[in-house]
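The next block holds one structure in the form of structure tokens; read it before the comments.
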Amino acid sequence: FTVVIPTHLLDELRDAQEKLRDPHVLDLELSTVTTLTLSAPNLPDVTLQRLESSSPNPATAPWQVVRHNGERGPQTLPADRELVERLLQKLSQLTAERFVDDAPSASALEDFGFNRPAREISISSSKTPAGAAVKLQIGATSGAEPSVYAKLAGQPYIYRVSNEILQDTPVSLLAYRDRLVRELPTGAQFTGLKLTDLTTQAVLLETALPLPAQTAGDKATGPHITRESIEALAVQLRALRARNFLRDEFANTVAIGGEERPWHYRLDTRLSLVGSGAP
């Protein structure tokens, strides 16, 4: 007997190996991930560790970031949990745009950039044996139209993936560092601010806090410094957060417009702490 098979079903069956194949590169249960180590050529490895013992719920436990530097030893800093979770989401959502090769030769692996991967990401989980980790390798090709490929160490399958995975996985301690620079303790209050132009040593602003009551025609703060800006600054300084980090240690200069320049301003604050009796 003969039957009629719809064209779309026939297409699915003909290309079943690709069209019915799970496109996800990694199978991750995010709440069980305990450690990630990111590597890239010519850069120190960066490790992200979940501090499970400090929280009753591992899924909400804080993270720390560790940079491995042979000369200075490992450096540890609190990590921004939101940024780490975003990284985990990006890795769990990494999907194949195209299934490239299921049995690549050694020369093909080199052509796809796996002889010197642009990224190697080792992922350990509380559900895997101690010392065991899943290693994701990202290869990249150069040229007019660069392409990015992914494969798991120990498996032959090569996937064409979005180029954005390289931007989503920076190998930098500063990229994952907690953005909270400083937070005043409960009860601490600012009692004064002073802003100095370091190039001329001119004092641009010096005022007590809270600001005195405003009077008609009050211009004591100057034409470019308003009461609203001072009050907003005082609020921001209570929990000072960085937009991003440029360096991991203080320097006497800062890069502006492609050149190193000395710092232009200095902001001094006075604080009153509960029970101290003095600023």
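The values are calculated or read from the model by the stated rules, or taken from the named source; none is laboratory data. Just so you know, these numbers come straight off a predicted model, no measurement behind them. Cβ atoms come from the backbone with ideal geometry, glycine included; neighbour counts cover every protein chain shown. Areas reflect the complete protein model, heavy atoms only, side chains present, ligands, DNA and RNA absent. Shrake-Rupley method; radii C 1.70, N 1.55, O 1.52, S 1.80 Å.
Points worth noting:
- Restricted to segment 137-148, and to residues there that are of a type in the set (A, V, I, L, M) and crowded, with 19+ Cβ neighbours inside 10 Å, the residue that is farthest from residue 171 (Cα to Cα) is 148.
- Here is the figure for segment 240-259: residues that are exposed (fewer than 11 other Cβ atoms within 10 Å of the Cβ) and among the charged types (D, E, K, R) total 4.
- Filter result (small (Gly, Ala, Ser) and in contact with a strand residue (DSSP E or B) (Cβ under 8 Å, 6 or more places away or on another chain)) within segment 58-76: 61
For (1) modelled with pLDDT under 90; (2) part of a helix (DSSP H, G or I); (3) of a type outside the set (Val, Ile, Thr), each residue gets a yes or a no:
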residue: 1; (1), (2), (3): yes, no, yes
residue: 10; (1), (2), (3): yes, yes, yes
residue: 28; (1), (2), (3): yes, no, yes
residue: 38; (1), (2), (3): no, no, yes
residue: 43; (1), (2), (3): no, no, yes
residue: 56; (1), (2), (3): yes, no, yes
residue: 69; (1), (2), (3): yes, no, yes
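- Filtering segment 149-195 to residues that are part of a helix (DSSP H, G or I) and open to solvent by less than 60 Å² (accessible area, probe 1.4 Å) leaves 165, 166, 168, 173, 174, 175, 176.
- Here residue 76 clears all of (1) polar (S, T, N, Q); (2) under 20 Å from residue 29 (Cβ atoms); (3) assigned to a strand (DSSP E or B) except the condition numbered (2).
- Scanning segment 102-134 for residues that are assigned to a strand (DSSP E or B) and touching a helix residue (DSSP H, G or I) at 6+ places or on another chain (Cβ under 6 Å) yields one hit, 125.
- When residue 212 is tested against (1) exposed (fewer than 14 other Cβ atoms within 10 Å of the Cβ); (2) part of a strand (DSSP E or B), just one condition goes unmet, and that condition is (2).
- Of the criteria (1) within 24 Å of the chain's Cα centre (by Cα); (2) in a strand (DSSP E or B), which one residue 90 fails: (2)
- Within segment 77-136, if we keep just the residues that are in contact with a strand residue (DSSP E or B) (Cβ under 6 Å, 6 or more places away or on another chain) and hydroxyl-bearing (Ser, Thr, Tyr), the residue that is surrounded by the most Cβ atoms within 10 Å (Cβ to Cβ) turns out to be 124.
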